[in-house]
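This report refers to the structure that appears directly beneath it.
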Amino acid sequence: MAHETTEAQIRAAFAPYGEPSSVKIVSDRRGRTKGFAYVQMADAAAVETAIQALKGTQLNGRTMDVVRDNSSGRPRPRRR
C-alpha cells in the first residue's frame with residue numbers, strides 16, 4: 001500500500017463489499033506507515049467477497065495483496 005494512503009481511502013475501497021468496522025494503518029516508531037493495514041469487516045461473508053474482489057487491484061498506484069489474517073480473521077491489504 002502506498003505510504004500516502006489514508007484510512008478513508010481504504011474504507012472507500014472496501015465499502016462496496018460490506019461495512020468496514022475498523023481500519024488500522026500500521027506505522028513504525030517514527031510514525032511512517034509500514035505499507036499495510038488491517039481492515040475488520042462487520043459481516044463475515046463480506047470478508048471473502050472483499051478479498052476476492054480487491055486482490056490485485058490498485059490503490060494510490062500500488063497493487064494490493066488482500067489476505068486473511070488467520071489470527072484475527074481480518075482482511076489485510078499488503079504492499080507488494
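The values are calculated or read from the model by the stated rules, or taken from the named source; none is laboratory data. Being a predicted model, the structure only gives us computed values, none of them experimental. Glycine also receives a Cβ, built like all others from the backbone with ideal geometry; neighbour counts cover every protein chain displayed.
Here is how the numbers come out for the structure above:
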| read-out | value |
| --- | --- |
| Of all residues making up region 16-39, the number that are touching a Lys or Arg at 6+ places or on another chain (Cβ under 7 Å), crowded, with 17+ Cβ neighbours inside 10 Å and more than 13 Å from residue 59 (Cβ to Cβ) | 1 |
| Region 1-30, residues that are in contact (Cβ under 8 Å) with a residue 40 or more places away in the chain and of a type outside the set (S, T, N, Q) | 1, 2, 4, 10, 13, 14 |
| Matching option when the condition is surrounded by 14 or more Cβ atoms within 10 Å (Cβ to Cβ), at pLDDT 95 or above and either assigned to a helix (DSSP H, G or I) or of a type in the set (Lys, Arg) (or both), among 13, 8 | 13 |
| Of all residues making up region 41-55, the number that are surrounded by 17 or more Cβ atoms within 10 Å (Cβ to Cβ) and not β-branched (Val, Ile, Thr) | 4 |
